[in-house]
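Here is the structure we will look at, set down as C-alpha cells.
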C-alpha cells in the first residue's frame, strides 16, 4: 500500500517548524508595529486583511518548500496596505465609500424593512436568531436592527417603550431617518 501521502521526512518537518516560527514571529512584529486594528472587523477591508493574513500563514506553513522570506515580504505588503488604506479612509470620504459598505437598517422598531432585507440577502430567520442572541424577549423591545459593514447584525433594544434612540448612533445607516 502506498503511504507517501501520510509520511514525510524529518527535513520537511524541520522546515515546517522553522516556517511556523518565522511567520508567527513576523505576524507578531507587524501587528505590534501597525496595531491591533490589523485583526479587527470594523470594516470589510479589515475582514479581508484578516482572511489574507490567515491564508498566507497557512500556505507558508504547509507548502512543500515553504518560502518564508517571500511570505514575510507578502505580510509586510499586506500590513502596509492596511495602514495606508486606514489613513486614506480617515482623510477621504471617497476612499471610505469605495472600501466600505454602508450599514443598512433591517428593522425600525417592530417594522421589518423587506426591501432592505431583500437587497442585503438577510432572511427573517437570520434576524430572529440575532434577536434571540441579543436577549430580546418581546418585539416591542426592538428599537432598530442594523446590518453592519462587517456583516454582523446589531440589535438595539430597550424595555422602556418611551426610550428613544440617539440619532447620532444611526447617522450613517442607510434607511434611518428621524420621525
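Data for the structure
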{"read-out": "Exposure proxy ranking, count of Cβ atoms within 10 Å, fewest first, for 87, 143", "value": "87, 143"}
{"read-out": "Shape category assigned to the chain from the gyration tensor of Cα positions, a/c cut at 1.5", "value": "prolate"}
{"read-out": "Additional length obtainable on full extension of the chain from residue 80 to residue 55, 0.36 nm per residue less Cα span", "value": "7.3 nm"}
{"read-out": "Additional length obtainable on full extension of the chain from residue 73 to residue 124, 0.36 nm per residue less Cα span", "value": "13.9 nm"}
{"read-out": "Simple label model, 7 Å out from Cα along Cβ direction - residue 25 to residue 10, nm", "value": "2.3"}
{"read-out": "Neighbour-count order for 176, 10, fewest beta carbons within 10 angstrom listed first", "value": "10, 176"}
{"read-out": "Cα long-axis angle, helix 44-62 against the chain (0 to 90 degrees, to the nearest 10)", "value": "20"}
{"read-out": "Burial ordering of 130, 118, 174, fewest other beta-carbon atoms within 10 Å first", "value": "118, 174, 130"}
{"read-out": "Inter-label distance, nm, simple model (7 Å from Cα along the C-beta direction), residue 115/residue 163", "value": "3.0"}
{"read-out": "Stokes-Einstein D for the range 101-170, Kirkwood Rh over Cα pairs, 10 °C, 1.306 mPa s (µm²/s)", "value": "130"}
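Rule-based calculations on the coordinates, nothing more; no lab input. These numbers were taken from a predicted model, which means no experiment stands behind them. Note that we place each Cβ from the backbone using ideal geometry, even for glycine, and neighbour counts take in every protein chain shown.
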